[in-house]
Structures are given as structure tokens and as C-alpha cells.
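What follows is a single structure, written as C-alpha cells, with notes after it.
No lab work stands behind these numbers, since they all come straight from the coordinates. Fair warning: this is a prediction, and the values are worked out from it, not measured in the lab. Positions of Cβ are generated from backbone atoms using ideal geometry, with glycine treated the same way; all protein chains shown enter the neighbour counts.
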């Protein structure tokens, strides 16, 4: 079994912005990809259902994740534009990420 932390969260887009959100993720800012790598994030997926987003990733160390994400610059053009699409912008101060959902079931084979 892996020691990786499984991190899932949800967010909501402003109504009518799903297409723009999809387009931004067709060309993710290379700085964002670098931050994801430096944070130790692996297997990152984002799912879209109407205006609702569900995200999941695995990370080796929550402290490294927190350090990298808190140092991220939200004023860069790509980040600023994507952030403006969110109806909710709640951030967990401990991680610099949206609040983590509680895992209630897991099956590993």
C-alpha cells in the first residue's frame, strides 16, 4: 500500500463559465505544471459536471504541497483568469488548496 495522501476537493464555477474553464485547461500555464510537479502531486484529475468540479490527486507530503501552493502567485494572468471563473474560492489555510474531502471508502487491489 502507498504512503501517498489522496486529496480530493470540489469547487463550483460561476454559471456559464464551463466552456472557458475547459479552454484554459487545454493550455495550462507551464508555471502551473511546474508547481504541480514541485508540490509532489501525481495522478491529478479534474472532473466537470455542469458548474461543479471534482478534483483528485495523490501527493507524497502535505507539508511540501502546502509550501509550494502557498507560495504560488495568484496574480499571474492564467491563474487570475481561472480563479475568476470560480463561484467559490474557499482555501484551507493549512494547505493553500480548497478544503480536502473526507475519504469514506477505498478499495485497492
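Please note which helices (runs of 4 or more DSSP H) are completely contained in segment 1-103 and include at least 2 residues that are in contact with a strand residue (DSSP E or B) (Cβ under 9 Å, 6 or more places away or on another chain). Fully inside segment 1-103 and qualifying: 18-24, 30-38, 62-71. The set of residues in segment 51-88 being surrounded by fewer than 14 Cβ atoms within 10 Å (Cβ to Cβ), out of contact with any helix residue (DSSP H, G or I) (no Cβ under 7 Å at 6 or more places or on another chain) and closer than 22 Å to residue 16 by Cβ consists of 52, 77, 80, 83, 84, 87, 88. Being in contact with a helix residue (DSSP H, G or I) (Cβ under 8 Å, 6 or more places away or on another chain) and more than 19 Å from residue 88 (Cα to Cα) is the filter here; which residues of segment 1-30 pass it? Matches in segment 1-30: 5, 28, 29. Taking each residue of segment 20-43 that is closer than 25 Å to residue 4 by Cα and looking for partners that are in a loop (DSSP other than H, G, I, E, B) with beta-carbon atoms closer than 7 Å, six or more apart or interchain, yields 31/76; 35/72; 40/60; 40/61.
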